[in-house]
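Heads up: the structure comes next, in structure tokens.
Any read-out appearing in this document is the output of simple, stated calculations on the displayed coordinates, not a laboratory observation. Just so it is clear, the structure is predicted and the values come from calculations on it, not from any experiment. Here the Cβ positions follow ideal geometry from the backbone for every residue, glycine too, while neighbour counts run over all protein chains shown.
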Amino acid sequence: MTLDRITLREIRMPLVHFFETSFGRTTERRILLVEVQSEGISGWGEVTAGEKPFYNEEWTDAAWLLLKDFVVPQLLHKPPGSAAETASRTAHIRGHNMARGGLEAAIWDLEARQRNIPLWKHLGGTWTEIPCGVSIGIQDSIEQLLGLIEREIAAGYQRIKVKIKPGWDVSVMDAVREKFPKIQLMADANSAYTLGDAEHLGQLDAFNLMMIEQPLAHDDIIDHAKLQGRIKTPICLDECIRGARQAEQAIEMQACGVINIKLGRLGGFSEAMLVHDIARAHHIPVWCGGMLEAGIGRAHNIALSTLANFTLPGDVSASKRYWTRDIVHPPVEVSPQGTIKAPDAPGFGYDPDRGYIDAIAVRKETMK
């Protein structure tokens, strides 16, 4: 494999509706895009780090510097032999999985386009259509939340995830379940609780939830195992699964019944596929989590979600839920049945809207 040049871009995109979690409200996304060019063909990746280091230690500005000063020069100097080798070339860098993963995803996309095959087939995906759910942030009122859920159900989405935090949890889920007794429903705490809240979290058992996602500390597995022994609702681990080893440990300790796989959090496709395989071998279902991605990251999530053990609806939803205009065309659309078909076009299956990307870019740098 040859890499002729790598271009970093930062774009800024306002959200259609604010998105709030236990660690803050987002109204605009600052997103880093990575374009890798080889012999006239481009592969694209998206860095899913947030604007601030609250989800994990990464944020937009740090990711730019990490790529510019360390990852890009190294890969240009000594390109990987294949996309599958990319992750090992940067494994000596501690952490910064989202920055590294954005570039790794671009190289996977490049390789699939060079071979003229869809990325999902290149990864070994088997699902030709994936089930979709939505993630709904903390709202200004329960009434506002119920209205949003009603709209998403009408749009066909198969699963509803509601963000919770102390003070916005049991009474909220009670109201949701009372109005929507039969929907597939889950809660996401984004590490807002401690083991001392176990009795309180146990009240969520009454609502027949699919799972509660990462209720305890972002780097904890041990206390999650203790909590799982005290509540009936399956725990889904997110932030603390940084790689295959953490997945193995969590499963061994019975700390979870479900694992959320996020491409950025795991550093790209190679590690994500390892976690997928480990979970599958232990009969632990997985699903694809979202990070408010624009169209490029969303398209990569579609490809990832075609792997065999992605048996639960993920956070892969339509472009219009987040953006007035997305950066790919056609925009990502969800069927009335709440599904997305795996695209047949080469690479991640959509065309980057170069003109629009350049129009909203606030900085750009090409290295070769």
HN-Hα couplings for region 185-194 via Karplus (6.51, -1.76, 1.60; θ = phi - 60°), in whole Hz with x for Gly/Pro, come out as 10, 9, 10, 10, 9, 6, 6, 8, 10, 10
Those GluC sites (Glu not before Pro) from region 263-368 that are DSSP loop and have at most 13 other Cβ neighbours within 10 Å turn out to be E333
In debye to the nearest 20, the charge dipole size for region 198-338, taken about the Cα centre with +1 at each Lys and Arg Cβ and -1 at each Asp and Glu Cβ, equals 300
Helix 97-114: inclination vs the chain longest Cα principal axis, degrees, rounded to 10, gives 60
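For region 1-100, which trypsin sites (Lys or Arg not before Pro) are both in a DSSP coil and crowded by at most 10 other Cβ atoms within 10 Å?
On the way: sites: R5, R9, R12, R25, R29, R30, K68, R89, R94, R100; in loops: R94.
Counting only loop positions with at most 10 other Cβ atoms within 10 Å, the trypsin sites (Lys or Arg not before Pro) in region 1-100 are R94.
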Relative to the chain, whose Cα atoms define the longest principal axis, helix 295-304 and its Cα axis are tilted in degrees, nearest 10, by 70
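Just from its helices, what would the mean residue ellipticity at 222 nm be for the chain, if runs of 4 or more DSSP H residues each count -39500 (n - 2.57) and the sum is divided by every residue, rounded to the nearest 500 deg cm²/dmol?
-8500 deg cm²/dmol, from helical runs alone.
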To the nearest 0.05, the calculated FRET efficiency linking A175 and R25 through their beta-carbon distance, R0 being 30 Å, is 0.90
Computed on Cα atoms, Rg of the chain relative to 2.2 N^0.38 Å comes out at 0.94
Largest fluctuation, A345, A112, A63 only, Gaussian network model of the chain with Cα springs under 10 angstrom, belongs to A345
Computed over the chain, the relative contact order (Cα-Cα under 8 Å, seq sep at least six) in percent reads 23
Once the in-chain neighbours fewer than 8 apart are removed, the lysines whose Cα is under 17 Å from K121 read K341
